[in-house]
Every structure is written in C-alpha cells, then in structure tokens.
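Read through the structure below, which is laid out as structure tokens, and then see the notes.
The values are calculated or read from the model by the stated rules, or taken from the named source; none is laboratory data. Please read these numbers as outputs of a predicted model, since none were measured by experiment. Cβ placement follows ideal geometry from the backbone for every residue including glycine, while neighbour counts extend to all protein chains displayed. Side chains are part of the model used for accessible areas, which takes the heavy atoms of the whole protein and leaves out ligands, DNA and RNA. Shrake-Rupley method; radii C 1.70, N 1.55, O 1.52, S 1.80 Å.
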Amino acid sequence: AMRHQNDVSPATRAIALWGVGNTAFGQGDLTRSAVVLRESAAIFRQIGDRLRLCLALNLLEATLRDADELVEAGEVLEEALWSFRANGDGRGELNPLFQLGLLARQQGDYARAEMLLNDGLQRRIAAGSGLGWQGAHVYNLGLVAEDRGDFVRARERYARAMLLFGETGYVWLQPFVLEGFVTLANRQDQAKRALTPAGA
C-alpha cells in the first residue's frame, strides 16, 4: 500500500505509517518502528493534526525507550506533553508526564524523577484518575526513594502502593511492590526480613 503513497492524502499515509510502526513495535522490530513512526509524526505535525500526533509520539517514545535511545525518547515525550497541553487535554498529558518521570529515574536524575512523578500524582488525584494509576506513581516514587537511599520513605511508599493496587484489583502489580520490599531489605542487610515478601 505504501508503494502508492502519491495516491493517498497525507493524513491517510500518516495513519498507515502509524499502523506499520505499531505492528513493527509489536514484533520487536524497533528500528523499523522508529523510522516509520518518525515519518508518521512528521506528517501529522505538518498537517496540524495534534491529536494523532500525540498518539504517534507516544508510540515512538515507547519504541525509542525500548531501544535505549533515551535522549530522543525524552525529546519526544516533551513534544507529546506540549501537544496534549496545546489541545487542552489535561488527562492526555498525564501519560507523557508519568513516562518522563520514569525516564528521568532511568537516567539517574532522581530529583527530576521525584518532581515529575509527584506532579503527575497530584494531577491524577485532582482529576479523579484511577487508584491503579495513582499506585503506579507511588510505587515508582518508592523506587526513586530507594535509589536515593531514603529507605524509610521507600518502605512507606511501597506499603501505600500495595494498598492502592489491592483496592483497585490491580493485584498483578503487587508482586513488583513485593520485590521492592525484598531489595529494600537486602540493601539494609536484613536477609531474614526479606524472606517473607520473597515467599509471597
């Protein structure tokens, strides 16, 4: 279909490219996914379709992060955040804000990660966003606290995340929090204390 690109409108071509990028991402072909998603985003940007641009940027960022292209992933997330805000989409901007927090932690910028994840958490609370998403923020804030050596705060955040995930039925996420308790205990040389969450 892409061989007949001159026969279709730019919007149709951009949508088709997004589909190709999505399929490639699902198949683990990150190089092809990034190439076609960059082109898709460029077309959406050119024709002023901000909503679909945001969707393309979100998928492009995930592709780049999986490929360890962290600098470009951050740039893409910043553009996605700006695009959602330009659309007046307060809920839409929550995902890139969350992902920027995760990316900052991955890059070792714990102060920025703390700020972004806290900002996102407060926005989710104000927007009445689901407790599961709030739990995801709190859990990752626990990871940041642990990275910074603040083990007391990390434990408090893990405990809060466990409650939030339990209240919303997101029990499949609780093992990740339990793993956090295990690593926390091990980092404090409390091997016996680590046995209970490890067994759970």
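Just so you know, in the range 110-135 the residues that are under 24 Å from Glu72 (Cα atoms) and touching a residue at least 24 places away in the same chain (Cβ under 8 Å) include one that is most open to solvent (accessible area, probe 1.4 Å), and it is Tyr110. Within the range 168-190, residues that are more than 11 Å from Phe151 (Cβ to Cβ) and assigned to a loop (DSSP other than H, G, I, E, B) have Cβ atoms under 6 Å from residues that are at pLDDT 85 or above and not aromatic (Phe, Trp, Tyr) in these pairs: Tyr170/Gly132, counting only partners at least 6 apart in sequence or on another chain. Candidates Asp89, Asp68: the one that is in a loop (DSSP other than H, G, I, E, B) and at pLDDT 90 or above is Asp68. Is it the case that Arg148 is farther than 24 Å from Asp49 by Cβ and in contact with a Gly (Cβ under 9 Å, 6 or more places away or on another chain)? For Arg148, the condition - farther than 24 Å from Asp49 by Cβ and in contact with a Gly (Cβ under 9 Å, 6 or more places away or on another chain) - is not met.
Scan the range 50-68 and tell me whether some residue there is among the acidic types (Asp, Glu), open to solvent by less than 20 Å² (accessible area, probe 1.4 Å) and within 23 Å of Trp133 (Cβ to Cβ). Yes, the range 50-68 contains at least one residue that is among the acidic types (Asp, Glu), open to solvent by less than 20 Å² (accessible area, probe 1.4 Å) and within 23 Å of Trp133 (Cβ to Cβ).
When residues in the range 33-49 are screened for being open to solvent by less than 40 Å² (accessible area, probe 1.4 Å) and either within 16 Å of Ala16 (Cβ to Cβ) or β-branched (Val, Ile, Thr) (or both), 8 of them pass.
Scanning the range 8-23 for residues that are without any contact (Cβ under 8 Å) to a residue 24 or more places away in the chain and among the small types (Gly, Ala, Ser) turns up Ser9, Ala16, Gly19. The set of residues in the range 119-148 that are of a type in the set (D, E, K, R), assigned to a helix (DSSP H, G or I) and out of contact with any Leu (no Cβ under 8 Å at 6 or more places or on another chain) contains only Asp147. Restricting the first member to the range 83-109 and to residues that are closer than 11 Å to Gly120 by Cα and open to solvent by less than 20 Å² (accessible area, probe 1.4 Å), and the second to residues that are of a type in the set (Val, Ile, Thr) and assigned to a helix (DSSP H, G or I), the beta-carbon pairs closer than 9 Å and six or more apart or on different chains are Pro96/Val76; Gly101/Val144.
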